[in-house]
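Okay, so here's the structure we're looking at.
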Amino acid sequence: MKMRNLLPIVLVGIISAVAAIGLYKLLGKDTTTVIYQTENGGFTTAALTENTNTSSNVAFDFTEAAEKGLPAAVHIRSVVPGRNRGNSLDDFFNFRRRDDGEAPPSQGFGSGVIIHPDGYITTNNHVIEEATEINVALSDNNVYKAELIGTDPTTDIALIKIDAERPLEYLRFADSDDVKIGQWVAAIGNPAVGSDAYTLKSTVTAGIVSAKGRNIRINGGGYAIEAFIQTDAVINKGNSGGALVDANGNLVGINTAITTPTGVYAGYGFAVPSNLVKKVVTDLKDFGEVRRALLGINFVDIEQFKSENPGQELDTKEKEGIFVSGVRPGGAADKAGMKDGDVIVELDGKSVVNGEYSVQEIIGVKRPGETVDVVYKRDGSTKRVTVPLISIEDTDENYAKIANVQDISELGIEVEQISDEELEELELENGVRIREVERESMLYENFGRDIRPGFIILRVNDKKVTTSNAVKNAINSSNSDLVKIDGYDPFRERYQSFTFQYR
């Protein structure tokens, strides 16, 4: 079944609901069980000896999954600043009114999953996006303020951390490559729905994996990665960011979106696969950003293209595979000799024919400098090549300059990355450059003679920054109203430090 028939409305956070709290009744779902219960360095993958696929004799028994998953399911509440309350027509015609007030802060909510005993929690980016405060409630009703470690909008994954007094129960990652269509899974969340916000706590719903590698086009941007696991396990309001687990209670995905023609759950839920989640959160923990590798191609599944474009033909005689519709000049595929019109059938020994494995997911779990083995067809012959993957910056300088300019609206500045050559000339190990400073900003009013375009930020709150996105993450993850910036003034050739209050 093709996704174009399933997409009348896509709800992303959507699942997490920002204000109204309601519990939808599930009608006509007699075959789905709904259970309501009141209740070291890196992230761990389940041992290979564990059976992550559900056999028929345990297909309807999720007691082990529930016992592991419920204590690791957390409720997340985020405070988002209010917007200016203006007349929409005034906004359309660019009118400014002095009596426009600021709306009070709004509160969003969703679920999260503890993935490390030290308090690391993963959730959806849209659950905590733009939040000035993040609170986490555990299954035992203890509530903690959370630190934002980092976000990745391209996969809609975020990593936060709480400081608990004890090691926490957590979920281990399953290998999502081993997940099979038809396999039984359970969706576990902690919506905390009710008049006192704790009437309905953790929920477990069962279903099967309906498809893999789904792209439902909800994450914006040219480098968005969508390779969702599709399931019919019920995912309702407040469960966004929760866990999709196998019968052994191992994490196979993070529940992210539903598609529905009515606004309520209609049988189509989507989860980010665990291998991709693990790569993203590991990068955020280790580097403060996601280090993404690119193959440097535009592509379309041949079968999908034919179904969505009847009557149109691709310039190939191949019946199945991934059609390469464009090769980025200077990119990884170009350097390896691939061309427009090639048809990819295998990556790293995994078939990408008929959506068995997703190109986006296979490449998405890799970092720049790693390789991928590509098997493709050209003019009837099969070719094999090992492609060293490279980063965005290496593929297109002009795009990199645009993509890596980050607007830090809270501070009224824009920052951009600095090339390795420039850093070497300045004898600096790292840093990002201020590109623009708004004259009305607090930074300009207080430090205008020092913090100006060209100033290089080296550390934010004592954390080294190497990209523009890392600056924003470091600022937003601060538990204090104070921000400390250490930097280098190339005009005066001196190091400077500034501490200020920005909230």
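Tabulated results
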quantity: Hits in segment 142-164 (condition: among the small types (Gly, Ala, Ser) and farther than 15 Å from Asp118 by Cα); calculated: Gly150, Ala158
quantity: Any chance Thr259 is touching an Asp or Glu at 6+ places or on another chain (Cβ under 9 Å) and either among the charged types (D, E, K, R) or at pLDDT below 95 (or both); calculated: no
quantity: Test: Val415 is assigned to a strand (DSSP E or B), buried (at least 18 other Cβ atoms within 10 Å of the Cβ), in the same structural domain as Glu493 (by TED's automatic domain parsing) and modelled with pLDDT of 80 or more; calculated: yes
quantity: Restricting segment 78-114 to residues that are in contact with a helix residue (DSSP H, G or I) (Cβ under 7 Å, 6 or more places away or on another chain) and modelled with pLDDT of 75 or more, the residue that is nearest to Asp163 (Cα to Cα); calculated: Ile114
quantity: Flag if Gly69 is within 25 Å of Ile157 (Cα to Cα), touching a helix residue (DSSP H, G or I) at 6+ places or on another chain (Cβ under 8 Å) and either modelled with pLDDT of 65 or more or of a type outside the set (Phe, Trp, Tyr) (or both); calculated: no
quantity: Tally of residues being modelled with pLDDT of 50 or more and loosely packed, with under 15 Cβ neighbours inside 10 Å across segment 191-207; calculated: 3
quantity: Residue in segment 233-251 that is modelled with pLDDT under 90, of a type outside the set (S, T, N, Q) and either in a strand (DSSP E or B) or under 28 Å from Ile363 (Cα atoms) (or both) present; calculated: yes
quantity: Within segment 132-172, tally of residues that are of a type in the set (Phe, Trp, Tyr) and closer than 20 Å to Leu244 by Cβ; calculated: 1
quantity: Members of segment 349-380 that are among the charged types (D, E, K, R), more than 23 Å from Thr316 (Cα to Cα) and surrounded by fewer than 17 Cβ atoms within 10 Å (Cβ to Cβ); calculated: Arg367, Glu370
quantity: Residue match in segment 418-437 (condition: assigned to a strand (DSSP E or B), touching a helix residue (DSSP H, G or I) at 6+ places or on another chain (Cβ under 9 Å) and closer than 20 Å to Ile149 by Cα); calculated: yes
quantity: Scan of segment 266-309 for residues that are in a strand (DSSP E or B) and either under 16 Å from the mean Cα position of the chain (by Cα) or crowded, with 17+ Cβ neighbours inside 10 Å (or both), ordered by number; calculated: Tyr268, Gly269, Phe270, Ala271, Val272, Pro273, Leu294, Ile297, Phe299, Asp301
quantity: Qualifying residue in segment 174-183 (condition: modelled with pLDDT under 90, out of contact with any helix residue (DSSP H, G or I) (no Cβ under 7 Å at 6 or more places or on another chain) and assigned by TED's automatic domain parsing to the domain that holds Ala73); calculated: no
quantity: Every residue from segment 334-380 that is within 11 Å of Ile322 (Cβ to Cβ) and either among the small types (Gly, Ala, Ser) or not assigned by TED's automatic domain parsing to the domain that holds Leu314 (or both); calculated: Ser351, Gly355, Ser358
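The values are calculated or read from the model by the stated rules, or taken from the named source; none is laboratory data. Just so it is clear, the structure is predicted and the values come from calculations on it, not from any experiment. Methodologically, a virtual Cβ is constructed for each residue, glycine included, from the backbone with ideal geometry; neighbour enumeration extends over all protein chains shown.
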